[in-house]
Amino acid sequence: MTATPPKIRLGGILRARMQQLRIPQCELAKTLNISPAAVSQMLSGRRSFRRSFLLQTCELLQIPAAEQEDLLRLLNTIRSGDHHQPAAPGPDIAGTPSVADLLAEPAAQYRMEPRRIPVFPATKLTAWDGNENLLSFASRHATAIEPVWQDYPPECFFVEGSGREFGIHFYGRVQLTAVASRPAGYREMELVHLRTGGFRIRERVGGVWRLFRIGDNGSAATIQADRRLRLPIIGVMLCPEQILKSDK
């Protein structure tokens with residue numbers, strides 16, 4: 001059996017501890033002063049913890065100093081590339097399994113299975129009548145299913161189009177992470193369908209909705225949006241190496 005990578009193991013231990021204490025990822029993001037997406041990447045093992053971030057996380061999760069040392073050794077293991085898994089003893093904390101207990105458990109339980117998220121082109125959104133559940137609609141019209149290892153909110157799907165289609169002055173493919181309802185801790189962004197046709201991404205900055213632009217604060221120009229389609233967006237991924245036909 002393939003050993004679980006230490007980054008995934010560390011994230012799994014912290015994620016299990018957060019679940020025990022009912023601490024949401026958005027609270028950890030606020031503590032570390034980083035985005036919820038960055039927290040998700042660290043907990044899923046796609047990104048390494050900084051030492052300072054790990055210490056702040058341990059404080060939030062009420063992990064005693066002795067058990068913090070276990071996690072710091074695991075972090076050093078990640079940085080050194082030595083995949084030996086430490087398992088020092090430690091006391092039970094507030095009636096929940098200790099970090100040492102979690103470290104001693106089989107690493108396989110922290111191996112993450114990818115979540116499969118539907119991907120479909122933005123142009124198909126015009127067929128949505130506003131009545132059907134959006135995730136159900138996205139799944140029915142998906143052109144692909146993408147496996148991901150990050151933590152995403154429920155009822156999440158990817159919307160794809162070109163930079164030209166979304167009006168953001170970008171030459172390449174754009175993938176938006178759309179949700180039925182925006183979770184707490186995310187910037188206010190949404191994809192809107194124009195009454196005149198086409199789509200635009202806008203975000204609320206200082207209480208004012210602005211058109212999303214790459215590298216600036218956007219434009220505060222008023223747009224005539226179809227109120228039936230105002231889709232919350234929690235992520236924008238740019239792929240300059242993938243040029244779509246609509247950009248040519």
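Are any residues in region 57-70 in a helix (DSSP H, G or I) and over 18 Å from residue 7 (Cβ atoms), and if so, which ones?
59, 60, 65, 66, 67, 69
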Report task. Name every residue in region 199-218 that is surrounded by 14 or more Cβ atoms within 10 Å (Cβ to Cβ) and at pLDDT below 55, in order of residue number. Result -> 218
Query raised in the report: Mind checking which residues of region 47-58 are surrounded by fewer than 15 Cβ atoms within 10 Å (Cβ to Cβ) and touching a residue at least 12 places away in the same chain (Cβ under 8 Å)?
Result: 51
Requested in this report: Considering every residue within region 43-62, establish whether at least one is modelled with pLDDT of 80 or more, touching a strand residue (DSSP E or B) at 6+ places or on another chain (Cβ under 7 Å), over 28 Å from residue 161 (Cα atoms) and outside the structural domain of residue 166 (by TED's automatic domain parsing).
Outcome: yes
Query raised in the report: If you go through region 190-198 one residue at a time, do you hit one that is in contact with an Asp or Glu (Cβ under 6 Å, 6 or more places away or on another chain), among the basic types (Lys, Arg) and more than 22 Å from residue 214 (Cβ to Cβ)?
Result: yes
Requested in this report: Determine whether region 147-162 contains at least one residue that is surrounded by fewer than 15 Cβ atoms within 10 Å (Cβ to Cβ) and touching a helix residue (DSSP H, G or I) at 6+ places or on another chain (Cβ under 7 Å).
Outcome: yes
**Report entry** Answer from 146, 160 - the residue that is closer than 21 Å to residue 45 by Cα and not assigned by TED's automatic domain parsing to the domain that holds residue 15
**Finding:** 146
Query - Positions within region 131-143 being of a type in the set (A, V, I, L, M, F, W, C) and either part of a helix (DSSP H, G or I) or outside the structural domain of residue 230 (by TED's automatic domain parsing) (or both), in sequence order - result: 134, 135, 137, 138
Requested in this report: Six or more apart or on different chains, Cβ under 6 Å: which pairs go from a residue in region 4-26 that's of a type in the set (Lys, Arg) to one that's part of a helix (DSSP H, G or I)? Could you list them?
Outcome: 7/78; 9/107; 9/110; 15/43
**Report entry** Spans of helices (runs of 4 or more DSSP H) in region 1-47 with at least 2 residues under 20 Å from residue 177 (Cβ atoms) and in contact with a Ser or Thr (Cβ under 8 Å, 6 or more places away or on another chain)
**Finding:** 25-32
Requested in this report: Would you mind telling me which numbered condition in (1) buried (at least 18 other Cβ atoms within 10 Å of the Cβ); (2) modelled with pLDDT under 85; (3) out of contact with any Gly (no Cβ under 6 Å at 6 or more places or on another chain) residue 98 fails?
Outcome: (3)
Report summary line: region 165-217: strands (runs of 3 or more DSSP E) wholly inside it with 3 or more residues that are over 19 Å from residue 123 (Cα atoms) and of a type outside the set (S, T, N, Q) are 199-205, 208-211
Requested in this report: Only one of these is modelled with pLDDT under 85 and either closer than 25 Å to residue 46 by Cα or under 22 Å from the mean Cα position of the chain (by Cα) (or both): 171, 186. Name it.
Outcome: 186
Requested in this report: Report, by residue number, each residue of region 16-40 that is of a type outside the set (A, V, I, L, M) and surrounded by fewer than 18 Cβ atoms within 10 Å (Cβ to Cβ).
Outcome: 19, 20, 22, 24, 26, 27, 30, 31, 33, 35
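The values are calculated or read from the model by the stated rules, or taken from the named source; none is laboratory data. Quick caveat: nothing in here was measured; it's all calculated off a predicted structure. In this analysis, Cβ positions are derived from the backbone assuming ideal geometry, glycine residues included, and neighbour counts consider all displayed protein chains.
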